1. From the set of residues in region 109-156 that are part of a loop (DSSP other than H, G, I, E, B) and of a type in the set (S, T, N, Q), which is surrounded by the fewest Cβ atoms within 10 Å (Cβ to Cβ)?
2. Tell me, which strands (runs of 3 or more DSSP E) wholly within region 50-104 include 3 or more residues that are under 14 Å from Tyr136 (Cβ atoms) and within 16 Å of the chain's Cα centre (by Cα)?
3. From (1) at pLDDT below 85; (2) over 24 Å from Ser132 (Cβ atoms); (3) not β-branched (Val, Ile, Thr), pick out the condition that doesn't hold for Asp25.
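The values are calculated or read from the model by the stated rules, or taken from the named source; none is laboratory data. The model shown is predicted, which means the values in this text are computed figures rather than measured ones. Cβ: placed from backbone, ideal geometry, glycine included. Neighbour counts: every protein chain shown.
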Amino acid sequence: MKKLISTILILAMLLPAAALSDLPDISGLSFDELVQLREQINLAIWNSEEWQEVTVPIGVWKVGEDIPAGEWTLRSAGKGKYGSSYVVYCDRIKESGLEGDLLNSRIYQSVIILGDDNEDDDEPRSVNITISKGMYLIIDDGPVIFTPYTGKPDLGFK
């Protein structure tokens, strides 16, 4: 009986190793090649049908590199009665790299998105946005949840 249990345990340990043997060996890749591979993997994951949503933290993000271009529904992940997110979509950022360049941008849009727990009713709880490659998204105040845009709701008109 002990031999049977030992054999089963050994086989159980070998099965995951056999499954990983089909993966490419990346140990010889340079840092830059690994970063490029990570970007390609992220885009493949974002474009897969199984992917549903991702929370993007506060920061300055370049569309097409950090966030895939396309149509998105954005919701605030901010918590509490004052939770919200401030989002800027623009084509230029200041030299500091920390904020959008309002004066020199051809496109500059901003919106406050309220979190689900926020007690205010003056701002939206979600926004739909189409973002293009090469543009910037600047997220401040609280993280934002990105969900693939599924289209306008049916209003029931005949």
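1. So in region 109-156, the residues part of a loop (DSSP other than H, G, I, E, B) come out as 115-125, 132-135, 141-143, 149-156.
Checking which are of a type in the set (S, T, N, Q) leaves us with 118, 132, 150.
Working: Asn118: 21, Ser132: 12, Thr150: 9.
Checking each candidate, the answer is Thr150.
2. Numbers: elements: 54-56, 59-62, 70-76, 84-90.
Passing ranges, in order: 59-62, 84-90.
3. All conditions are met except number (1).
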